[in-house]
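Peer 1: Here it is: the structure, laid out below.
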Amino acid sequence: VHVSAAGSDDYSGGQDSPFGTLAAAYAAVPEDGTIVVLGELELTETVDFAEDKAVTITGEHGAVLTYMGMDNISSLSGVLAVLSGQVTLRDLTVRMPETPGTNGRPLYVGPDGTAILTSGAVLGNGYLAYGGGNVYIDGGTLVKGDGAVIRDAYVANNTDCYGGGVLV
């Protein structure tokens, strides 16, 4: 299943007719399937992975997911929120905007979720007034493999928060 900024959720999700949102691609991908992100994709809403299925999200052509929503992301969420099942990220950057301002983190892993970061996965630019700048592991599992990077987390205006980059 493919997703691209040039796509549409009315399309089939094929390489020549990609979906326009990650949420539509996730809804269509089967168990143990792969979502291919083509290029850069701006997200205006967070994406919840709430089904009990395993999926891989991989990137092509310098793939980047950037949260550009106007709303701050809840302290119990992330740009990608793995609430159930397993999500593997490969060759993909997930980030908040370059300029801090909107509170949010790239990844949240809920109690029933597993996130696996493999080669080329990058989480960055988390900007929060509470802990877990880039990743909050809320009872679930995070596996960080070789070649995966968690960087550039910023915790603002809070002297009693925990876990600048990763909060477990």
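The values are calculated or read from the model by the stated rules, or taken from the named source; none is laboratory data. Keep in mind that this is a model prediction, so the values were computed, not measured. Because the Cβ atoms are built from the backbone with ideal geometry, glycine has one as well, and the counts that use them run over all protein chains shown. Accessible surface is based on the protein model in full, side chains and every heavy atom, while ligands, DNA and RNA are left aside. Shrake-Rupley method; radii C 1.70, N 1.55, O 1.52, S 1.80 Å.
Peer 1: For Gly33, list long-range residues whose amide hydrogen, built 1.01 Å from N in the peptide plane, is under 5 Å from its own amide hydrogen.
Peer 2: Here the answer is Thr56, since their amide H atoms fall under 5 Å of that of Gly33.
Peer 1: Another question about this same structure. Ordered by residue, what ³J(HN,Hα) values in Hz, to whole numbers, does the range 86-95 give under the Karplus form 6.51 cos²θ - 1.76 cosθ + 1.60, where θ = phi - 60° and Gly and Pro are x?
Peer 2: 10, 10, 9, 10, 9, 6, 8, 9, 10, 8
Peer 1: Based only on Cα atoms, what Rg/Rh ratio does the range 21-80 have, Rh being taken as Kirkwood's radius? Please report the intermediate quantities before stating the final value.
Peer 2: On the way: Rg = 12.0 Å, Rh = 12.4 Å.
A ratio of 0.97.
Peer 1: Work the Kirkwood hydrodynamic radius out for the chain: mean of 1/r over every pair of different alpha-carbon atoms, inverted, in Å.
Peer 2: Numbers: mean 1/r = 0.0646 Å⁻¹.
Across the chain, the inverse of the average 1/r is 15.5 Å.
Peer 1: Using the basic label-point model (7 angstrom from Cα toward the beta carbon), what is the Glu42 to Val143 distance in nanometres?
Peer 2: In this crude label model, Glu42 to Val143 measures out at 3.5 nm.
Peer 1: Let me ask something else. Dipole of the chain, Cα-centred, from +1 at each Lys and Arg C-beta and -1 at each Asp and Glu C-beta, to the nearest 20 debye?
Peer 2: Details: 6 positive and 20 negative charges, 101 e Å.
In total the dipole reaches around 480 debye.
Peer 1: So, with a 1.4 angstrom probe, what is the percent of accessible area on the chain that is carbon and sulfur? Could the numbers behind the result be given before it?
Peer 2: Working: 3520 of 7630 Å².
Within the chain, the accessible surface is 46 percent carbon and sulfur.
Peer 1: Now, a different point. For Thr34 paired with Asp10, estimate the spin-label separation in nm (one decimal), with each label point 7 Å from Cα along the Cα-to-Cβ line.
Peer 2: So the label points at Thr34 and Asp10 sit 3.0 nm apart.
Peer 1: Okay, moving on. Using θ = phi - 60° and the Karplus relation 6.51 cos²θ - 1.76 cosθ + 1.60, list the HN-Hα couplings for the range 113-118 in order, rounded to whole Hz, with x at every Gly or Pro.
Peer 2: Working through the residues one at a time gives x, 9, 10, 10, 9, 10 Hz.
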